[in-house]
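The values are calculated or read from the model by the stated rules, or taken from the named source; none is laboratory data. Model, not experiment: these values are computed from the prediction. When we count neighbours, we look across all protein chains shown, and the Cβ atoms used for this are built from the backbone with ideal geometry, even at glycine.
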């Protein structure tokens, strides 16, 4: 009797292999960047941890900087889901807007987020407000503020300008917390100031 598996297993396609290699490199880079920092993590270390060659890194990401950008894109996607959870679980749109900003600032205490997104990322890739993930977040804030203005919850402000300032305040607060000698010691100060600034958008009746 034949012991051959009756189900013929097809070898992975080139696209499947490429995707699997990409995920292995992303996982290895994410771990190394979080633990050792971007500058200290060598390409040889990253490829060895993934069990691949430099050629796979070059093929999938171009270079080490491209790999960092891909890691940031992945974390950005996860961050967006966490912020959406904070926003959607709030009792109303205004509270959700504030909760989203506060949740972002609090993430500055997470070692991985702090190192990759707030310290190394800006140093290597430039202004975080110009990253694709931040642009998507801006669009969400614009939609939220538009609804709040139409409902007379906030004053008749230019919503794009307000959205850029709200998101910018949260980002700046998070950067401050991340760069502080004792991040936890400045977190509450950053959150209190952010909340007070944002509440300035409320109509007089709402502030009362």
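Quick notes on this one:
- Only residues that are outside any helix (DSSP H, G or I) and either within 22 Å of residue 96 (Cα to Cα) or more than 13 Å from the chain's Cα centre (by Cα) (or both) were counted in region 118-150, giving 2.
- On inspection, residue 117 fails the criterion of being modelled with pLDDT under 95 and either under 23 Å from residue 177 (Cα atoms) or surrounded by 13 or more Cβ atoms within 10 Å (Cβ to Cβ) (or both).
- Residue 148 being buried (at least 18 other Cβ atoms within 10 Å of the Cβ), farther than 26 Å from residue 111 by Cα and assigned by TED's automatic domain parsing to the domain that holds residue 84: yes
- For region 85-107, the criterion of being more than 24 Å from the chain's Cα centre (by Cα), part of a helix (DSSP H, G or I) and either without any contact (Cβ under 8 Å) to a residue 12 or more places away in the chain or closer than 28 Å to residue 173 by Cβ (or both) is met by none of the residues.
- For region 160-202, a tally of residues being surrounded by 15 or more Cβ atoms within 10 Å (Cβ to Cβ) and not in a helix (DSSP H, G or I) returns 3.
- If you filter region 79-95 down to residues that are within 16 Å of residue 148 (Cα to Cα) and buried (at least 19 other Cβ atoms within 10 Å of the Cβ), you find that the one that is modelled with the lowest pLDDT is 87.
- Residue within region 34-48 that is farther than 22 Å from residue 124 by Cα and either at pLDDT 90 or above or in the same structural domain as residue 76 (by TED's automatic domain parsing) (or both) present: yes
- Exactly one residue out of 128, 111 is surrounded by 16 or more Cβ atoms within 10 Å (Cβ to Cβ) and touching a residue at least 40 places away in the same chain (Cβ under 8 Å), and it is 128.
- Just one residue in the set 56, 69 is modelled with pLDDT under 95 and part of a helix (DSSP H, G or I); that residue is 56.
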